[in-house]
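Presented below is the structure to which this report refers.
The values are calculated or read from the model by the stated rules, or taken from the named source; none is laboratory data. Keep in mind that what you see is a predicted model, and the values were worked out from it rather than measured. No Cβ is skipped: glycine too gets one built from the backbone with ideal geometry, and neighbour counts run over all protein chains shown. When the accessible area is computed, the model is the full protein with side chains, heavy atoms only, and any ligands, DNA or RNA have been set aside. Shrake-Rupley method; radii C 1.70, N 1.55, O 1.52, S 1.80 Å.
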Amino acid sequence: KQWYQRRVAITAGNAEDETCTCISHYPNEHLNQDFDMHIEKLYKLLFNDESTVQSKMKVLVKMEEYEATPWHESGASGSERTLTYKVPLSANLGPKWAEVIEKQVITSHTATSRCYVVNCEVTNPNVPYGDKFNILKRYCLTRTGDRGCRLRLTSDVQYKKGVWGMVKSIIEKNSKEGINDYCESLCMSLAEETAGPGVKVRRSAATGRAPPVSQPRSRPPSATQPKTRSQNVVSFITDNYIAFILLMMAVLLSLNLILMYRLSSITSTCKSQLDFLNSMPVGEDGSTEWKRILLQQQQLHVQEVKRWKETLSWINKLVGEVHMSLEKLENTPITDVKGEL
């Protein structure tokens, strides 16, 4: 209870609170919370692999083959390091493990330990569409008073290649949900660190909705904990990618069946007409009845064309006579017409 009261007091604000040095943040905000610890301690808990919080998060994420390069200077961008590890996937098809490459860069920090800004770029190269997008995260640590600090985590999805609208919505939706679950687990671990040894904190209490519940710590976090951000994003994309491929195959199969049915109907109709023509009686000269009918129709057509030609020739002649009469009338003098009258 005392821990919760101290935390609420810090959340209320302090005249010496520092503001983040970022000009802007990523559009998706997952965490913006105060903690009752010094900013240096929070920074070490988050970005020191030997810290208790990082050890807990490795268990929750079920990391395998974890490797981290030492922090080193990278010119104007600041210090950076690269994490590589594998996380299991729950997909029935596709890869069983997801390779994760996370690059962490300290882009801003003050000499008096008042503010830290760490940018992270996460890629999953071996999962479907993994080469088309990156997940960007930004940790903003600021000091609140003399003993407190604030942690703000924002994220965004960066696309390196074109992605279908449906796939893009799936990636963005599940990346948000995965990072939200990660933040809840992180807050729970940080709250337990603040509360002291032997104290466990509920997930709801860690996010500020209820005070912590103390109970003996008898075992590490259960394997039935909610999936972390990497597992949520990668497994959901894999499952939906396979489902989408199966759906497209079903649609193509249906179209092929419809096409085969139409071709079968056309073939059946042509065969019926051919059978009807072949079933017609044979004439005395050996030709079938349908050939005789076609020949008769051709002769009638020739006669009809001949009659139309004769009619057109007569009309042309009549038009010529009318034309000559009009010219003669045009050339007749007007005085002669009066003399006749």
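A quick yes/no check of all residues on (1) part of a helix (DSSP H, G or I); (2) under 21 Å from residue 45 (Cβ atoms); (3) at pLDDT 85 or above:
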| site | (1), (2), (3) |
| --- | --- |
| 158 | no, no, yes |
| 162 | no, no, yes |
| 166 | yes, no, no |
| 174 | yes, no, no |
| 197 | no, yes, no |
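Taking the range 283-311 as the range and being modelled with pLDDT of 75 or more and polar (S, T, N, Q) as the test, the residues that pass are 296, 297, 298, 299, 303, 311.
Among the residues of the range 143-164, the ones that are open to solvent by 10 Å² or more (accessible area, probe 1.4 Å) and hydroxyl-bearing (Ser, Thr, Tyr) come to 1 in all. Of all residues in the range 131-143, those being assigned to a strand (DSSP E or B), of a type outside the set (Phe, Trp, Tyr) and farther than 20 Å from residue 47 by Cα number 1. Taking the range 25-127 and the strands (runs of 3 or more DSSP E) fully enclosed by it, the elements with 2 or more residues that are open to solvent by less than 30 Å² (accessible area, probe 1.4 Å) are at 28-35, 79-88, 97-109, 115-123. The single condition from (1) modelled with pLDDT of 90 or more; (2) more than 16 Å from residue 139 (Cβ to Cβ); (3) among the hydroxyl-bearing types (Ser, Thr, Tyr) that residue 43 fails is (2).
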